[in-house]
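This report refers to the structure that appears directly beneath it.
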Amino acid sequence: MKIKVCGMKQAANIAEVANLQPDYLGFIFYPKSPRLISEVSAELIKYVPADIKTVGVFVNEEIEEVKLKITKHQLKAVQLHGTESVAYCAELKSIGVEVIKAFGVHPEFDFKQLEAYAPVIDYFLFDTQTPAHGGSGKVFDWKLLEGYQLDQPYFLSGGIGLEHAPQIKTIQDPRLYAIDVNSKFELEPGLKDVEQLKEFFKELT
């Protein structure tokens, strides 16, 4: 199972977390996020070791701006957290970047809407439905994923902390590709608790 650490923004912390060798490191380019990465820190993304996939997180951003960021920061993947269309996802996939499309899951969530996206993305990401597009620290009811009928692999996100490791290990779904962690491992928004992450990695790997 892969691990993604999202919401990185401080230089020294980026280096420390990269040393833990997560599979993915996420950097948020959504201006309203408390984890928005500064232009200065974003310059460091291209220096993250090549075997870690660097992910730019966007919410309803102009597609040309996303392409600029991909090129400038040598991003290997994009994570789309807004209402981006199927055509938008297809255009980004066509330039060779990995596309992760996020959806907030709730009891009334319609999994049928995912069918059109499946051919033009690499992974879905299932998060807790919030007005702030993620980073809520809240877990959704994972039983809702029983409604997910597609073969596409997915990231599981939304308020996952160290205490969830035993439960994660019991999940038998082969489509569960990666665990995405963020706010539950923070000392403050964008600053990760490296010791807690170490424990989590040890539990899951």
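The values are calculated or read from the model by the stated rules, or taken from the named source; none is laboratory data. Fair warning: this is a prediction, and the values are worked out from it, not measured in the lab. Methodologically, a virtual Cβ is constructed for each residue, glycine included, from the backbone with ideal geometry; neighbour enumeration extends over all protein chains shown.
Return the residue satisfying two criteria in turn: it lies in the range 52-108 and is among the polar types (S, T, N, Q) and under 12 Å from the mean Cα position of the chain (by Cα), and of such residues it is nearest to V120 (Cα to Cα).
Q79
Test Q129 against the criterion of being surrounded by fewer than 20 Cβ atoms within 10 Å (Cβ to Cβ), out of contact with any Leu (no Cβ under 8 Å at 6 or more places or on another chain), of a type in the set (S, T, N, Q) and modelled with pLDDT of 95 or more, and give yes or no.
In short, no.
Residues in the range 54-68 that are surrounded by 19 or more Cβ atoms within 10 Å (Cβ to Cβ) and either of a type in the set (K, R) or more than 20 Å from V181 (Cα to Cα) (or both): how many?
2
Considering only the range 16-52, state which residues are of a type in the set (K, R) and either surrounded by fewer than 18 Cβ atoms within 10 Å (Cβ to Cβ) or out of contact with any Pro (no Cβ under 6 Å at 6 or more places or on another chain) (or both).
If the condition is that a residue be of a type in the set (K, R) and either surrounded by fewer than 18 Cβ atoms within 10 Å (Cβ to Cβ) or out of contact with any Pro (no Cβ under 6 Å at 6 or more places or on another chain) (or both), then K32, K46 are the ones that fit.
Check the range 125-146 and report whether any residue there is part of a strand (DSSP E or B), free of Cβ contacts under 8 Å to residues at least 12 places away in the same chain and over 16 Å from M1 (Cα atoms).
Within the range 125-146, not a single residue is part of a strand (DSSP E or B), free of Cβ contacts under 8 Å to residues at least 12 places away in the same chain and over 16 Å from M1 (Cα atoms).
Could you grab me the full set of residues in the range 170-205 that are in a loop (DSSP other than H, G, I, E, B), surrounded by fewer than 21 Cβ atoms within 10 Å (Cβ to Cβ) and either in contact with a Lys or Arg (Cβ under 8 Å, 6 or more places away or on another chain) or among the charged types (D, E, K, R) (or both)?
Matches in the range 170-205: D173, R175, P189, D193.
When the range 152-164 is examined, which residues are found to be in a helix (DSSP H, G or I) and modelled with pLDDT under 95?
none
So which of Q149, Q167 is in a helix (DSSP H, G or I), exposed (fewer than 15 other Cβ atoms within 10 Å of the Cβ) and out of contact with any His (no Cβ under 8 Å at 6 or more places or on another chain)?
Q167
Within the range 98-123, how many residues turn out to be buried (at least 19 other Cβ atoms within 10 Å of the Cβ) and outside any helix (DSSP H, G or I)?
Selection size over the range 98-123: 10.
Being more than 16 Å from the chain's Cα centre (by Cα) and aliphatic (A, V, I, L, M) is the filter here; which residues of the range 157-190 pass it?
L162, A165, I168, I171, L187, listed by residue number.
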